Ligand SMILES: *Cc1c(COP(=O)(O)O)cnc(C)c1O
């Protein structure tokens, strides 16, 4: 616990509240089924709330990778493709991810980046769609790369692209829509889209549902099979902790696999890769999603990283995630001066992923007019300097990702406390350098501090 929290500069209700929240955090951290999984990761005193961008390093990875390099590469060399299971790693690790996304075995294959898998899924989906289709729908709030790639894939097939808000997809889909590409959780706001109802609406129009799971897999239960999803992609370096640039995955529903035609039919997806035939005949099953030689070091790092999920129930992960984000929102509303941050993440549990995004604006309009400009970016830079790592997304969003396997309630409380501190100092600095008529605003600021009920709550 930091000294500043035990002896706040201005004692009062905020200080008493802080003590209470810290005690509650300790109680919450001592209870529940995921109290020991943090030990499976390499962490330090930093409050790490950026696991939705790059998951922390799982303890099992360094030794495993050292062994792969020393023994499998260094000694077995080429023999490792068969003897160490390198060749079959994409489908083996796919089956390891499958339960986390609600997929029966044989439908997930690992390899390439998410961007490339978006291309495979969208093009493959367009090729399976009815002849009369003229367009595809793309989540209007999508992470940009999905939109860029989908546009290119549609252009190659001569289809139009229509951006549609996820909540509007059911109303906008027509029998001319080949597919819709939707993000399960919005990377900016952390909003969770309803996979079951959107997929059902798409299917009733005869349209394929393609989901991007980058911000949901490993953070909450995903039910690809149960929802009847057609195709899906996701990355493994966020909540799955696979490491920087670890390979992504592609899901192709079993009953569609025979019709799935990859736009990237590399030799690794050939029915007889070592037959070296000039003509292409696809392998059976989800192997069709493979392209070329897999990135073995990253792939085996991911495989070791997935050991952190041993014995973990994804329902417990979801319960802790919601408790963490609820608790963080409460602490923010207690500690932050009013009006400076506002949650753009839905409060309703069924609409929330595993992050909290706070829109951050300068205090008074006069402060904004004085050019206190990239306020949110500065706030995050200051948080990071004080040991609380989240990130910033334009124009004004502070993102805090909660990774239930290793994020603690104490982390959530400390992050909110430091955020409150930074926002109060910023408000004070603004009024000090603000308009001449703002004399006395510093004491007003201090008053706000103790009365803080925040917009975020
Ligand atoms: C993180 C993320 C990506 C990343 O794509 P890469 O090809 O791995 O760079 C793509 N889509 C979404 C929705 C993401 O959240």
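The values are calculated or read from the model by the stated rules, or taken from the named source; none is laboratory data. Here the structure is a predicted model, which is why all the values come from computation and not from measurement. Every residue, glycine as well, gets a Cβ built from its backbone with ideal geometry; the counts of neighbours run over all protein chains shown.
For segment 313-331, residues that are surrounded by 19 or more Cβ atoms within 10 Å (Cβ to Cβ) and under 10 Å from residue 409 (Cβ atoms) total 5. The residue list 145, 123 contains one member that is within 16 Å of the ligand (Cβ to nearest atom), more than 28 Å from residue 394 (Cα to Cα) and out of contact with any strand residue (DSSP E or B) (no Cβ under 9 Å at 6 or more places or on another chain), which is 123. Against the conditions (1) under 14 Å from the mean Cα position of the chain (by Cα); (2) within 16 Å of the ligand (Cβ to nearest atom), residue 250 satisfies every one except (1). Among residues of segment 109-120 being touching a strand residue (DSSP E or B) at 6+ places or on another chain (Cβ under 6 Å) and near the ligand (Cβ under 10 Å from one of its atoms), the one that is farthest from residue 98 (Cα to Cα) is 118.
Scanning segment 269-288 for residues that are touching a helix residue (DSSP H, G or I) at 6+ places or on another chain (Cβ under 8 Å) and in a helix (DSSP H, G or I) returns 269, 273, 285, 286, 287, 288. Tell me yes or no: at least one residue of segment 235-252 is farther than 20 Å from residue 407 by Cα, modelled with pLDDT of 95 or more and surrounded by fewer than 22 Cβ atoms within 10 Å (Cβ to Cβ). Yes; the residues of segment 235-252 include at least one that is farther than 20 Å from residue 407 by Cα, modelled with pLDDT of 95 or more and surrounded by fewer than 22 Cβ atoms within 10 Å (Cβ to Cβ).
Of note, residue 138 does not satisfy the criterion of being crowded, with 19+ Cβ neighbours inside 10 Å, closer than 29 Å to residue 300 by Cα, in the same structural domain as residue 263 (by TED's automatic domain parsing) and in contact with a strand residue (DSSP E or B) (Cβ under 8 Å, 6 or more places away or on another chain).
Yes or no, residue by residue, for (1) more than 30 Å from residue 65 (Cβ to Cβ); (2) assigned by TED's automatic domain parsing to the domain that holds residue 105; (3) more than 10 Å from the ligand (Cβ to nearest atom); (4) assigned to a helix (DSSP H, G or I):
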position	(1), (2), (3), (4)
175	yes, yes, yes, no
188	yes, yes, no, no
202	yes, yes, yes, yes
209	yes, yes, yes, no
240	no, yes, yes, no
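If you check residue 130 against the conditions, is it touching a residue at least 24 places away in the same chain (Cβ under 8 Å), within 22 Å of residue 258 (Cα to Cα) and outside any helix (DSSP H, G or I)? So residue 130 passes the test.
Among residues of segment 18-76 being surrounded by 14 or more Cβ atoms within 10 Å (Cβ to Cβ) and part of a strand (DSSP E or B), the one that is farthest from the ligand (Cβ to nearest atom) is 47. Being away from the ligand (no atom under 15 Å from the Cβ) and outside the structural domain of residue 392 (by TED's automatic domain parsing) is the requirement here; does residue 213 meet it? Answer is no for this residue. Looking only at residues that are within 22 Å of residue 325 (Cβ to Cβ) and touching a helix residue (DSSP H, G or I) at 6+ places or on another chain (Cβ under 7 Å) in segment 193-210, which one is surrounded by the fewest Cβ atoms within 10 Å (Cβ to Cβ)? Per the stated criteria, the residue is 196. Taking the conditions exactly as written (farther than 17 Å from residue 295 by Cβ, away from the ligand (no atom under 14 Å from the Cβ), under 21 Å from the mean Cα position of the chain (by Cα) and touching a residue at least 60 places away in the same chain (Cβ under 8 Å)), does residue 102 satisfy them or not? Here the answer is yes, as residue 102 does meet what is asked.
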